[in-house]
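First the structure, in the form of structure tokens, and then the observations on it.
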Amino acid sequence: MSHLVTIGLEVHCQVKTRTKMFCACRTSFGDTPNTHTCPVCLGLPGALPVLNQEAIEKTLLAGLMIHCSSPEISKWDRKNYFYPDMPKNYQTTQLDQPLCIGGGVPLYDHCYPTDCRKSIARPGKVVRLTRIHLEEDVAKSTHLGNSSLIDFNRAGTPLMEIVSEPDLESGEEAFAYLRSLQMILQQGGVSDADMEKGQLRCDVNISLRRNATDPLGPKIELKNLNSISAIRRAIHFEIQRQSEDLDRGIPQTQSTRRWDDDRGETQLMRTKEDAHDYRYFTCPDLLPIRTAPLLDKVRPHVPELPHELAARFEHSFGVTRYDASVLSSDRHLAAYFEATLDPAIPAKRAANFIINNLLGTLNDHGTAIDACPVTPAQLRALLLLVENGTLAPNQANEVFATLYQSPAHDPATIANALGFKPAAAGELEALVNQVIANHPAEAAAVRAGNEKLLNFLTGQVMKTATTKPNPKQVTELLRQRLL
Ligand SMILES: [Zn+2]
């Protein structure tokens, strides 16, 4: 029997700041363990925290981007628990007056898994958010046999917790939600949101019930999910597992489970009876924040969201919807595309070249767009050579490949060196006349209307030419002579 699925996500996302949330230690990834620490982030007795304004501003920026509101006063609370990765025995977080409330994340079509983009259940869906609050990350522990190692470099890194309403209904929607959110946070420069680096982590709450009129079923929480595709797999497994239990009359109890990606199954960690009482209380060391002045400061920095960018690319520049979605999927790529544009180059052609050629080459080299050796100005110069007839499109591809390897040279010089240059005045005309004279039968056939033979004659001219002229230009000359 089928069940209604209700899913809510809690996403922890490291905010991209230079320093930690409550001290001046540098935020870092992959550095020698325990080299970015101080009495504050080590939790030594008597150390006092200082708020990181950049982290607060970036969290408010994220909130503005997805239409959250903010309470007038936001405050800090202590969540008390003991764990080796949190030696203060409390985490500084926000309980009842978080920085952002409400808002929503649009699920972009191109953020769904590729295999189900043609069958999206609810296109244009927006997942409502409950809140976004700011807290500190804990240290990173690594377990080796009987001992555990702790790295405090991560302790105190600003961490946003983004809590959704239970609006999601499938693993595919959870997948699209995380990808869309990731894209939005990257767009605003709020976070790199790289899951492989642990910058984005997610807990899934999932419950099943028979009818829409039934109360929500007991909440099962899935912890320790570390990739977007694993989250989709874990949700599929859990829907299946709970359905089968319910069909056999086994009731579910509120509990926390862990996903084992190797075995492809979830395992019980603890039930509600073992839940902590965190004994929250207001942090006595940190003053509450008035949000209005900070919001005023941040508001001018709200960027276009990916879907707004895509709509502008589609409508102002006439690129296809697909191209617009690709170009808007990364803020560096969008900026690169816009910087390449020139009134003399059709935007569609620039989009094509970037998507088919540039992205392919970057992909082959494992290079990110913001590290692309070819500048937008160089690409523009190359595309202008195509527009003015100096280069044929396939010649432009060759010039680009060389340019990518030796970006110190300009496209015109490279085109020249490869022999792609217009023939000297009169030279091309002489060649065309020569070829026509040497192939009277073919020339006559073209005159009689067989335009296909123009390609043959063009080929003959290209073969005889000492340079490599633009074949389009040659065909045009032949056409003028013969038709
Ligand atoms: Zn520190």
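Looking at segment 64-86, which of the residues that are farther than 30 Å from K125 by Cβ and hydroxyl-bearing (S, T, Y) is modelled with the highest pLDDT?
Restricting attention to segment 64-86, the residues satisfying the condition of being farther than 30 Å from K125 by Cβ are 72-73, 75-86.
Imposing the further condition that a residue be hydroxyl-bearing (S, T, Y) reduces the set to 81, 83.
Details: Y81: 89, Y83: 86.
Top of the filtered list is Y81.
Considering only residues of segment 91-150 that are of a type in the set (S, T, Y) and buried (at least 16 other Cβ atoms within 10 Å of the Cβ), which is farthest from the chain's Cα centre (by Cα)? First the steps, then the outcome.
Of segment 91-150, the ones of a type in the set (S, T, Y) are 92-93, 108, 112, 114, 119, 130, 141-142, 147-148.
From what is left, the residues that are buried (at least 16 other Cβ atoms within 10 Å of the Cβ) are 92-93, 108, 112, 130.
Details: T92: 29, T93: 27, Y108: 12, Y112: 13, T130: 23 Å.
The residue in question is T92.
Looking at this structure, is Q97 touching a strand residue (DSSP E or B) at 6+ places or on another chain (Cβ under 7 Å), within 16 Å of the ligand (Cβ to nearest atom) and either under 17 Å from I289 (Cβ atoms) or not charged (D, E, K, R) (or both)? Steps first, answer last, please.
Numbers: touching a strand residue (DSSP E or B) at 6+ places or on another chain (Cβ under 7 Å): yes; within 16 Å of the ligand (Cβ to nearest atom): no; either under 17 Å from I289 (Cβ atoms) or not charged (D, E, K, R) (or both): yes.
Considered against the rule, which asks whether it is touching a strand residue (DSSP E or B) at 6+ places or on another chain (Cβ under 7 Å), within 16 Å of the ligand (Cβ to nearest atom) and either under 17 Å from I289 (Cβ atoms) or not charged (D, E, K, R) (or both), Q97 comes out as no.
Give the residues of segment 365-399 that are among the polar types (S, T, N, Q) and part of a helix (DSSP H, G or I), sorted by residue number.
We begin by selecting, within segment 365-399, every residue among the polar types (S, T, N, Q); these are 367, 375, 378, 388, 390, 394-395, 397.
Passing the criteria: Q378, N394, Q395, N397.
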Could you check how many residues of segment 293-342 are in a helix (DSSP H, G or I), under 18 Å from the mean Cα position of the chain (by Cα) and of a type in the set (S, T, N, Q)? 1
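Scan S229, S243 and give me the residue that is hydroxyl-bearing (S, T, Y), surrounded by fewer than 17 Cβ atoms within 10 Å (Cβ to Cβ), touching a residue at least 40 places away in the same chain (Cβ under 8 Å) and closer than 30 Å to E304 by Cα.
On the way: S243 fails: closer than 30 Å to E304 by Cα.
Going through S229, S243 in turn, just one is hydroxyl-bearing (S, T, Y), surrounded by fewer than 17 Cβ atoms within 10 Å (Cβ to Cβ), touching a residue at least 40 places away in the same chain (Cβ under 8 Å) and closer than 30 Å to E304 by Cα: S229.
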Given (1) more than 26 Å from P87 (Cβ to Cβ); (2) at pLDDT 95 or above; (3) in a loop (DSSP other than H, G, I, E, B); (4) not polar (S, T, N, Q), index of the condition P215 fails: (2)
Residue by residue through segment 32-63, note down the ones that are surrounded by fewer than 13 Cβ atoms within 10 Å (Cβ to Cβ), more than 13 Å from the ligand (Cβ to nearest atom) and modelled with pLDDT of 95 or more. T32, Q53
Could you figure out which of (1) in contact with a Pro (Cβ under 6 Å, 6 or more places away or on another chain); (2) farther than 27 Å from L359 by Cα isn't true of G426? (1)
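Out of all the residues in segment 97-126, which are β-branched (V, I, T) and either free of Cβ contacts under 8 Å to residues at least 60 places away in the same chain or not in a strand (DSSP E or B) (or both)? Before the answer, list the steps.
Of segment 97-126, the ones β-branched (V, I, T) are 101, 105, 114, 120, 126.
Listed by number, the residues that qualify are I101, T114, I120, V126.
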Can you name every residue in segment 9-31 that is in contact (Cβ under 8 Å) with a residue 60 or more places away in the chain, surrounded by fewer than 21 Cβ atoms within 10 Å (Cβ to Cβ) and not in a loop (DSSP other than H, G, I, E, B)? E10, H12
Which residues, taken from segment 127-172, are farther than 19 Å from D203 by Cα and either aliphatic (A, V, I, L, M) or in a strand (DSSP E or B) (or both)? T142, H143, L144, S147, S148, L149, I150, D151, A155
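The values are calculated or read from the model by the stated rules, or taken from the named source; none is laboratory data. From a predicted model like this one, the values you see are computed outputs, not experimental measurements. Because the Cβ atoms are built from the backbone with ideal geometry, glycine has one as well, and the counts that use them run over all protein chains shown.
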